[in-house]
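Inspection log for the structure reproduced underneath, given as structure tokens.
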């Protein structure tokens with residue numbers, strides 16, 4: 001049972017229903033070898049600054065000033081405080097788009113963004129309103145999303161906001177402890193209450209750069225990809241995923257020795273970065289170390305075999321290789337692990353469609369539609385069902 005890792009990226013903040021690579025934070029951060037960035041074959045290009053990522057433009061500020069009295073402490077009645085402001089004043093088509101990596105101002109004017117961008121926007125709004133924002137990493141199972149022929153290991157964050165009492169010393173406050181609320185743009189995460197841990201604004205900025213670098217790498221813009229990965233490392237050199245993705249860029253450009261050093265750097269920073277391990281196995285294959293590569297894959301399979309999203313990924317590989325029957329078996333196994341996964345039923349629908357079994361295709365599309373919560377998934381499944389019905393009538 002072998003998963004091909006050559007197109008798997010390390011933790012991209014797409015923020016669907018899952019995932020971050022977990023690992024204990026050390027009080028003594030591992031040593032980082034920044035000389036790995038020297039003598040690069042890529043051209044460094046300008047990227048957004050942290051200020052540009054988080055700043056609210058004049059039109060947003062004007063709307064905020066009209067809506068709230070900034071000198072007064074905002075009330076924290078519920079998470080709807082900021083969410084309702086977004087829906088009332090921003091683009092009211094709030095929905096998840098996996099590769100829409102937007103700055104705070106861009107996300108406000110186009111709420112079709114991923115959870116990273118929406119959380120950045122919510123943070124900037126909170127800060128302007130004299131509320132304190134704290135980003136949180138949500139520890140959810142590994143989840144792979146596919147795009148443009150690549151597999152992305154996606155991640156999720158949310159934002160905890162609370163009253164910043166330091167800014168309101170001397171004001172009349174009727175309670176003794178700051179009240180908090182959590183803004184989470186993923187309904188699955190909200191429902192399942194995964195464990196969270198605090199992360200810094202710099203780490204979130206590095207995640208933003210990492211996302212954009214991955215998309216540029218997929219689209220063949222290697223200089224831009226390098227520039228974003230480098231910016232992520234310069235912002236937060238301890239961010240393992242940026243090193244792992246930069247290693248992929250060096251590997252696909254033929255710089256295998258440097259790539260190996262970067263994979264090892266990623267693993268030194270986070271020994272549980274399984275995607276870096278899997279991609280290192282690919283590099284071992286390319287450098288005639290197949291035994292070491294297979295050892296890594298065996299270890300990873302033991303870790304991941306109970307993860308339904310991993311099993312779906314194995315099924316996707318089988319389907320891409322033309323083995324629909326094998327894929328169906330994987331998809332069924334995934335649904336045995338989690339029977340409410342809409343992705344499993346959609347995968348079955350694709351497999352049955354490849355075999356010409358239209359009734360089974362529609363059955364699983366209907367099931368996927370019934371289980372899905374995101375509007376973009378529902379539109380996708382409903383559209384495919386309508387298309388199949390139209391084909392059947394002709």
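Data table
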{"quantity": "Identity of the residue in segment 53-81, in a helix (DSSP H, G or I) and modelled with pLDDT under 75, that ends up surrounded by the most Cβ atoms within 10 Å (Cβ to Cβ)", "calculated": "81"}
{"quantity": "Residue in segment 89-98 that is touching a strand residue (DSSP E or B) at 6+ places or on another chain (Cβ under 7 Å), at pLDDT below 75 and either loosely packed, with under 14 Cβ neighbours inside 10 Å or not in a loop (DSSP other than H, G, I, E, B) (or both) present", "calculated": "yes"}
{"quantity": "Which numbered condition residue 314 fails, given (1) touching a residue at least 60 places away in the same chain (Cβ under 8 Å); (2) closer than 30 Å to residue 36 by Cβ", "calculated": "(2)"}
{"quantity": "Extreme residue, farthest from residue 138 (Cα to Cα), among residues of segment 166-196 that are at pLDDT 65 or above and more than 16 Å from the chain's Cα centre (by Cα)", "calculated": "179"}
{"quantity": "Lone qualifier among 204, 140 - being modelled with pLDDT of 80 or more, assigned to a loop (DSSP other than H, G, I, E, B) and crowded, with 17+ Cβ neighbours inside 10 Å", "calculated": "140"}
{"quantity": "Count of segment 286-316 residues which are surrounded by 17 or more Cβ atoms within 10 Å (Cβ to Cβ) and part of a helix (DSSP H, G or I)", "calculated": "14"}
{"quantity": "Residue satisfying condition, being under 18 Å from residue 332 (Cα atoms) and more than 29 Å from the chain's Cα centre (by Cα), within set 348, 355, 388", "calculated": "355"}
{"quantity": "Residue, nearest to the chain's Cα centre (by Cα), within segment 359-373, restricted to residues that are crowded, with 17+ Cβ neighbours inside 10 Å and closer than 29 Å to residue 115 by Cβ", "calculated": "372"}
{"quantity": "Residue check, residue 214 under 22 Å from residue 304 (Cβ atoms) and touching a strand residue (DSSP E or B) at 6+ places or on another chain (Cβ under 9 Å)", "calculated": "yes"}
{"quantity": "Among the residues listed as 50, 84, the single one being surrounded by fewer than 18 Cβ atoms within 10 Å (Cβ to Cβ), under 21 Å from the mean Cα position of the chain (by Cα) and at pLDDT 65 or above", "calculated": "50"}
{"quantity": "Condition met for residue 333 (modelled with pLDDT under 95, assigned to a helix (DSSP H, G or I) and surrounded by fewer than 21 Cβ atoms within 10 Å (Cβ to Cβ))", "calculated": "no"}
{"quantity": "Residue 293 modelled with pLDDT of 95 or more and not assigned by TED's automatic domain parsing to the domain that holds residue 263", "calculated": "no"}
{"quantity": "Tally of residues being in a helix (DSSP H, G or I) and surrounded by fewer than 23 Cβ atoms within 10 Å (Cβ to Cβ) across segment 250-268", "calculated": "10"}
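The values are calculated or read from the model by the stated rules, or taken from the named source; none is laboratory data. Quick caveat, the model's predicted, so the values are computed rather than measured. Glycine gets a Cβ as well: all are built from the backbone with ideal geometry, and neighbour counts include every protein chain shown.
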